[in-house]
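Contents: one structure, followed by commentary.
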Amino acid sequence: MIRLTIQRKVFLATFALATIMAGVLTLVMRWNLGQGFERYTTAAEFARLDWMVSNIETEYAAHGNWDFVRAAPEEVWLRLSHPNPAAGLDPAPAAPDENRPPPPWDNRPPRPDGGYPPPRPDESYPPPPLRPPPPRQGPPGNGRPLDALRIGPRLALLDNDGKRLAGNASGVAAAAEKAILYQGKAVGRLTLQAAPSSVQQLDAAFLASQTHNMLLAGLAALGCSLLAAWLLARHLLAPIRDLTAGARKVSGGALDAQIQVRSDDELGELSATFNEMAGRLARLEESRRAWISETSHELRTPLAVLRAEIEAMQDGVRTPDAATLSRLHKQVLQLSTLVDDLRLTLEREPGGADMEHALVAPIGVLEDCIASFRDRYQAAAIEIDTLHLTDAGWHVRGDTGRLTQVFGNLLENTLRYTHAGGRLSISAQADNKSLLLQFDDTAPAPPPAALPRLFERFFRAEPSRSRLLGGSGLGLAICKTLTEAHGGKIGAALSKLGGLHISIELPLEKP
């Protein structure tokens, strides 16, 4: 059984639709031609009888009724069916022009009245222009012109009630008719019956020829539709084939696979979206590998210290005294903190069920954090400027402990990196919807290229710094995670003070 792929389905559907449309159009055109051809031929025949209608209307206007026809139908019909010379249909020959100059060889002087003498019997003027011969007459006594199309025998004159006055008396239904008008009103009809069988045979031959031509045209259109259907199916399915190939590459591990974007339509948009998705997957895989590498590196240091201390006690080099146990406990706490920070940055909803959603005064939480860090800042000779940290009674919905963790990480980050004698400026401002907190410190500043990556896990703007100074590299990542958990935003830029600028935007709620 043939497998119906999408391309074959599109091709068959398009081809079937084109075939049906070509067949319907051919049948409709054939029927319309058959019906309209008879009307056309009859109208063409009637177009030659305007002079006869004019004759009948003129005679009727002269008598005012049809009594003149009823009195002598044959004679009147014979007269009405002849062209009227007065109407210009059979003009008389023009009279010779006596003032026309003689030919060059006639040297006789002109007459006293200015005219010219008639030509001599042996001389004549050039022959006048040829005129079409008059209508050929039928047999003697017939008195009517020869009718090549046999229109005359098929004509009949009817009054306004449909009674025959003259003409054809066969009673066959008329194929066409024209009204006889008098003073704008119809007073009768001139009818024309269908053509005789010989003419009908000619019509049938003409229709058969036209039908044959229409069939040929239909077959040509069908062939064109076949080609168009194939090209359309190929064009529409090419991006899908590319997507299939690209998806297979991604499933095989080539996460950076890219496909060709062939157009700007929906399929082209789908291809571009696939390329974007593949690029994100590649970056995610790269980030995952880097995260695993950094995590293992961060865990290796405290584990190595623990292993060395334990092996030293096993070998008798160290005794399990209070100092040794304190060092082991410190390394365990460092490991526990690192694991908790990792878990926090990986959770889709940080805090989960443990995170509160109560009304919190963020400025009060921030001031408490500043108070807990003030002694350490004084020891490091770093000033904390809170002149623009005003509190207008703003409230946000969140968790006090998590906000304390965010503010504490930011204060810790400045304390670690800002040079002695520097300054940290903290300000707050709000509109009707959100609260904006800004942290600006002095030099040093991170490189501008490092700003977009400051909130990545384990990223350090200065890799040369020791981990003792730079921490685990999870502080700003935790700030970003917790800020977004409160429905806010956090960003980084270069500070006007020469260091780092951190902005936090939190949605406000009315108490």
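Protection proxy ranking for 221-228, 314-321, using the average of other Cβ atoms within 10 Å per residue and placing the highest first: 221-228, 314-321. Straight-line reach from Lys9: taking Cα to Cα under 27 Å and skipping same-chain neighbours fewer than 8 places apart, the lysines in range are Lys249. Counted over all Cα-Cα pairs of segment 266-346, pairs farther apart than 17 Å make up 63 percent. If you average 1/r over every pair of different alpha-carbon atoms in segment 355-507 and take one over that average, what Kirkwood value in Å do you get? So the Kirkwood estimate lands at 15.7 Å.
Using Cβ contacts closer than 10 Å as the measure, can you line up Glu456, Glu276 from fewest to most? Each step should come with its number before you reach the end.
On the way: Glu456 19, Glu276 11.
Ranked by crowding around the Cβ, least crowded first: Glu276, Glu456.
Using a Cα-Cα cut-off of under 18 Å, which lysines could be cross-linked to Lys163, ignoring same-chain neighbours fewer than 8 residues away? Straight-line reach from Lys163, under 18 Å: Lys178, Lys185.
All of the numbers you see were taken from the coordinates with simple rules; none came from a lab. Predicted model, so just to flag it, every value in this text is computed and none were measured. Note: ideal-geometry Cβ built from the backbone for every residue, glycine included; neighbour counts use all protein chains shown.
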